[in-house]
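Single-structure report; data block below.
The values are calculated or read from the model by the stated rules, or taken from the named source; none is laboratory data. Being a predicted model, the structure only gives us computed values, none of them experimental. Cβ coordinates were reconstructed from backbone atoms using ideal geometry, including for glycine residues, and neighbour counts include every protein chain displayed. Just the protein is used for accessible areas: all its heavy atoms, side chains included, with ligands, DNA and RNA removed. Shrake-Rupley method; radii C 1.70, N 1.55, O 1.52, S 1.80 Å.
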Amino acid sequence: MSEDRNVRLSGGIEIPRLGLGVFRAGRGDETRRAVREAIRIGYRHIDTARIYGNEKEVGEAVRDSGVPRADLFITTKLWNEDQGYDPALRAFEASLARLALETIDLYLLHWPVPGRRLESWRALERLHADGRVRAIGVSNFMPHHLEELLGAARVAPAVNQIEVSPFLQQKEARALCAERGIVVEAYSPLTKGVRLGDPVVTAVAGEIRRSPAQVLLRWGLQRDMVVLPKSTRPERIAENAAIFDFEIPPAQMERLDALEEGLITGWDPRRQP
Ligand code: NDP
């Protein structure tokens, strides 16, 4: 079975449905090696951020990869202390300089910072209009943040990157995104590892002869998301990419859908005004 590895964003460009996350991948050689290895085995999408402290290493690995820049999709994010119109424009230039790339494929507001997020969005709209970035989006935006932004924006966000797994399904936010043509990117799709031993996940994995990590990632793909697993280990980087040649049958999908428990492994943006 083969399947589209890309999905089209509202602005028309395509994004690979599997991306390598590099949060806590380490500065220096660990990130460089992970990104180089991921690209070597076929990843075409890397998700970094200013606050991860490894944009420079991501850019180096991208340039060293030998893969044409146009075939790679690179995301970075505007950190909270840089929000606001002018600070956002300056922060973008600084990220671009660290990455040492000519353009960024996707630039995200990392967090819905109260009082500054709309101004920051105007800066992203300008960067988009000027052709500095191919697509713009948000992260950690819950329905109330999205409604506010959609009411004020000239360009709607192409993407909302939020924590999603069978244990935290974000149904309301996902439904609103689907209605408005916003692609959802699932971060921490492996629950940072804390539910890889869950009995339902391991049972489904046994039944379909795949690993628990592959089950969680494939669930995300079949629920129409882009998935962003992080690993710095070559064998896991490969395992997490082998998710396009099988399907989880409907009965097993239903058992995974029943795992909702509101599990947040990182930040909780729901209470952010
Ligand atoms: P993940 O859910 O991707 O889990 C990563 C953890 O799982 C690591 O400890 C990794 O260890 C381990 N792991 C990876 N693959 C496997 C495997 N096949 N089997 C067993 N264990 C495995 O967590 P993250 O929080 O890192 O999320 C992924 C990405 O999402 C981030 O790197 C970042 O790009 C993005 N993100 C965005 C956020 C935002 O606010 N926008 C917030 C959090 C994450 P090891 O490396 O040792 O293999």
Would you please put 146-153, 237-244, 226-233 in order of how densely packed they are, using the mean number of other Cβ atoms within 10 angstrom per residue and starting with the highest? 226-233, 237-244, 146-153
In whole Hz and in residue order, list the ³J(HN,Hα) couplings for the range 229-235 that follow from phi through the Karplus curve 6.51 cos²θ - 1.76 cosθ + 1.60, θ = phi - 60°; x for Gly and Pro. x, 10, 7, 10, 9, x, 5
Using the Cα gyration tensor of the range 36-175, with a ≥ b ≥ c the square roots of its eigenvalues, what is the shape: rounded (a/c below 1.5), prolate (a/b larger than b/c) or oblate (neither)? oblate
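Packing-wise, with mean Cβ within 10 Å as the measure, how do 260-267, 105-112, 11-18 rank, highest first? Intermediate results must be reported in sequence, preceding the final value.
Working: 260-267: 13.8, 105-112: 24.6, 11-18: 17.5.
Per-residue Cβ counts within 10 Å, averaged per peptide and sorted highest first, yield 105-112, 11-18, 260-267.
When only C-alpha pairs under 8 Å and at least 6 residues apart count, what is the relative contact order of the chain, in percent?
Details: 481 pairs, mean separation 54.3, N = 273.
Relative contact order of the chain: 20 percent.
Just round it to a whole percent: the fraction of Cα-Cα distances in the range 98-202 exceeding 16 Å. Spell out each step's value before the answer.
Working: 3266 of 5460 pairs.
Counting pairs separated by more than 16 Å, the tail of P(r) holds 60 percent.
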For the range 145-207, run through the trypsin sites (Lys or Arg not before Pro) and keep only the ones in DSSP coil with at most 11 other Cβ atoms within 10 Å of their Cβ. Arg154
Which whole-Hz couplings ³J(HN,Hα) result when phi for each residue of the range 56-69 is put into the Karplus expression 6.51 cos²θ - 1.76 cosθ + 1.60, θ = phi - 60°, listed in order with x for Gly and Pro? 4, 5, 4, x, 4, 5, 5, 5, 6, 5, x, 8, x, 3
Counting only C-alpha contacts under 8 Å and six or more residues apart, can you give the relative contact order of the range 60-146 as a whole percent? 31 percent
Could you provide, to the nearest whole Å², the per residue accessible area of the range 179-229 with probe 1.4 Å? 37 Å²
Rounded to 5, the percent of DSSP beta bridges in the range 116-246 classed as antiparallel: 10 percent
Using the Cα gyration tensor of the range 199-263, with a ≥ b ≥ c the square roots of its eigenvalues, what is the shape: rounded (a/c below 1.5), prolate (a/b larger than b/c) or oblate (neither)? prolate
Where only protein heavy atoms count, and the probe is 1.4 Å, what is the accessible area per residue for the range 1-150 in Å²? 41 Å²
Using θ = phi - 60° and Karplus 6.51 cos²θ - 1.76 cosθ + 1.60, couplings along the range 217-226 (whole Hz; Gly, Pro as x): 5, 5, 4, x, 4, 6, 9, 6, 10, 8
Relative contact order for the range 135-235, counting Cα pairs under 8 Å that sit 6 or more residues apart, in percent: 25 percent
Restricting attention to the alpha-carbon atoms of the chain, what are Rg (one decimal) and Dmax (integer), both in Å? 17.7, 54
How would the range 4-94 be classified by its alpha-carbon gyration tensor: rounded, prolate or oblate, with rounded meaning a/c under 1.5 and the a/b versus b/c comparison settling the rest? oblate
Amide H partners (placed H, <5 Å) of Phe73, local residues excluded: His45, Ile46
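To the nearest 500 deg cm²/dmol, what mean residue ellipticity at 222 nm is calculated for the chain from DSSP H runs of n ≥ 4 alone, each contributing -39,500 (n - 2.57), summed and divided by the residues?
Details: 10 runs with 107 residues, N = 273.
Result for the chain: -12000 deg cm²/dmol, rounded to the nearest 500.
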Enumerate the amide H contacts of Val7 below 5 Å, restricted to partners 5 or more residues apart or on another chain; note that Pro and chain-start residues carry no placed amide H. Ile15, Arg17
So who's got an amide H within less than 5 Å of the one on Ser139, skipping anything under 5 residues away but keeping other chains? H placed 1.01 Å off N, in plane. Leu109, Trp111, Gln161
